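Working notes, structure below.
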Amino acid sequence: MPYMDKVKKWFFEEEDEDDVFEEEPVVETQETSAAQKASLFEKAKSNRASEAISNLNANSNLVLFEPRSYSETQDIASYLKNKKAAVVNLHRLQKEQSKRVIDFLSGVIYAIEGDIQQIGPKIFLCTPKNISVAGSINLDDDESEVE
């Protein structure tokens, strides 16, 4: 069948009774449309709140580390890059290794725009940007150094 015949048939072909759908006229008042808009707004607001809560729950993880060597520091960095907070206990490391770990983690924290705080002698809290910490812990000057 030539191309023009196909076009004519498509435009001018009579519709079967089964294919005809009658639409009912929609009468919309200002009251119903305002109510529908309010309902849609509440649903969207509820969905955003649910997503925020689920994201908060999904992203709010705290991992505890007690490294025995400097080589374990990359594991801590991986958790921080994945937006998980880490408490790092350096009691098992010698003074020189502790300094290297803190230097490395400080670089990671800077790169991910996070925060690092000493929360005890040789214990540090490392948090990514998505987790905020309220309050502070005052340490005696003797205990605040990494030994």
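For the pairs LYS83/LYS122; LYS99/LYS122; LYS95/LYS122, note any where the Cα-Cα span goes beyond 18 Å. Among LYS83/LYS122; LYS99/LYS122; LYS95/LYS122, the Cα-Cα distance tops 18 Å for LYS83/LYS122.
Net length available on complete extension from ARG100 to ARG68 is 10.2 nm, with 0.36 nm assigned per residue and the Cα-Cα distance removed. For VAL63, the amide hydrogen comes within under 5 Å of the amide hydrogens of ALA85, ALA86, VAL87, counting only partners 5 or more places away or on other chains and with H modelled in the peptide plane. In sequence order, the range 122-129 has phi-based couplings of 6, 10, 10, 9, 10, 10, x, 4 Hz under the Karplus curve 6.51 cos²θ - 1.76 cosθ + 1.60, θ = phi - 60°, and Gly or Pro positions carry x. Shape class of the range 76-123 from the Cα gyration tensor (axes a ≥ b ≥ c, square roots of the eigenvalues): prolate, since a/c reaches 1.5 or more and a/b is larger than b/c.
Throughout, read-outs are computed from the coordinates displayed, never taken from laboratory work. Since we're looking at a predicted model, the values are computed, not measured.
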